[in-house]
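Have a look at the structure below, then the notes.
The values are calculated or read from the model by the stated rules, or taken from the named source; none is laboratory data. As the structure is a computational prediction, the values presented were derived from the model and not from experiment. Here the Cβ positions follow ideal geometry from the backbone for every residue, glycine too, while neighbour counts run over all protein chains shown. With ligands, DNA and RNA removed, areas are computed over all heavy atoms of the protein, side chains included. Shrake-Rupley method; radii C 1.70, N 1.55, O 1.52, S 1.80 Å.
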Amino acid sequence: MSTMNLTLHVWRQKNAADPGRFVTYRAEGISEHMSFLEMLDVVNEGLIDKGEEPIAFDHDCREGICGTCGMVINGTPHGPRKATTTCQLHMRTFKDGDEITIEPWRAAAFPVVRDLVVDRSAFDRIIAAGGFVGVSTGSAPDGNTIPIAKDAAERAMDAAACIGCGACVAACPNASAMLFTAAKVSHLGLLPQGQAERDRRALAMVAQMDAEQFGSCTNHAECEAACPKSISIETIARMNRDYIAASMVKRPKTAGSGGAG
């Protein structure tokens, strides 16, 4: 088993009010089989032994499923391997002597809580605005009895793969959340169970996305490139279609409306 010694430039920030700064650390004797988060665990053990504050970073399942981990590694959300979350990024991706720069997601809608931890509750509020169905869907066997076109089922499952990590926002030069919102709108809008609220969902989730001050989409497609689950920007086109169609039939009430006479 080979080991490596690395130089880390890590963003340290006490809270949202602190201006923050990069601090350089040595990571020595790192196994190539460690994950990136395990490497940070080793660095933190050394910091704790020296009486220093460990580096704060989000993590949970460490299996690429929960979407909790997230940091910008050498300028790329989740690091250099395509379709890979930070927790599934292994140190064999790097080589002995490398210098690695580690930053939090950079977006006004994701304020830094501490070091590499950002507040992603804006995503929760977008989901609360419309990312649900109001009909009773029964149990899993009940769901399997509903006929769904194969193409629609596959596209819905592809969209449902979104883990809400926020890499799309971090990668976008406009800090847009269009890919995340579109994945959630598409996931439900493609299924029969999601039709009752389809119009209201598109309008409400886009309105909440705008209220959270995410940027607009200008078709850079950096979100698709950074997404660890390979969500396609086709979902954005599908959400835009739903939004325009809903806007035509769900017009806001105007003063004086109520019919002639």
* Structure fact -> Semi-axes in Å, largest first, for segment 73-202 (Cα gyration tensor, √(5λ)) are 34, 18, 12
* Provide the gained length on full extension for the span Val42 to Asn174, in nm with one decimal, where the gain is 0.36 nm per separating residue minus the Cα-Cα distance. => 44.1 nm
* 1.4 Å probe accessible area per residue over segment 143-261, in Å² -> 53
* Interchain or long-range residues, amide H under 5 Å from Glu28's placed H -> Leu6
* **Residue-normalised accessible area of segment 1-56, given per residue in Å² at a 1.4 Å probe** => 54
* For a label point 7 angstrom out from the Cα of Gln213 toward its Cβ, which stretches of segment 155-169 have the backbone nitrogen within less than 18 Å? -> 169
* Asked: In whole angstrom, how far apart do the alpha carbon centroids of segment 205-242 and segment 54-82 sit?
  -> 20
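Nearest 0.05, what FRET efficiency do Ala221 and Ile127 give at R0 = 30 Å with Cβ-Cβ as r? Walk me through the numbers on the way to the answer.
Working: r = 24 Å, r/R0 = 0.79.
Result of the calculation: an efficiency of 0.80.
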* **Protection-proxy order for peptides 183-196, 69-82, 46-59, each taking the mean of Cβ atoms within 10 Å per residue, highest first** => 183-196, 69-82, 46-59
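How long is the gain from Arg81 to Glu32 if the chain were fully straight, where each residue apart is worth 0.36 nm and the alpha carbon distance is subtracted?
On the way: separation 49, 0.36 × 49 = 17.64 nm, distance 1.49 nm.
This chain segment gains 16.2 nm when fully extended.
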* Asked: If the cut-off is 23 Å between C-alpha atoms, which lysines fall inside it for Lys82, apart from same-chain ones fewer than 8 positions away?
  -> Lys95, Lys184, Lys229
* Structure fact -> Here the gain from full extension of Thr93 to Asp142, 0.36 nm per residue of separation minus their alpha-carbon distance, amounts to 13.2 nm
* Structure fact -> Contact order relative to length for the chain, counting C-alpha pairs under 8 Å separated by 6 or more residues, stands in percent at 18
* Given a 1.4 Å probe and every protein chain left where it sits, what share in percent of the accessible area of the chain is carbon and sulfur? -> 51
* What number, in percent, do you get for the relative contact order of segment 1-102 if the mean sequence gap of Cα pairs under 8 Å and at least 6 apart is divided by its residue count? -> 33
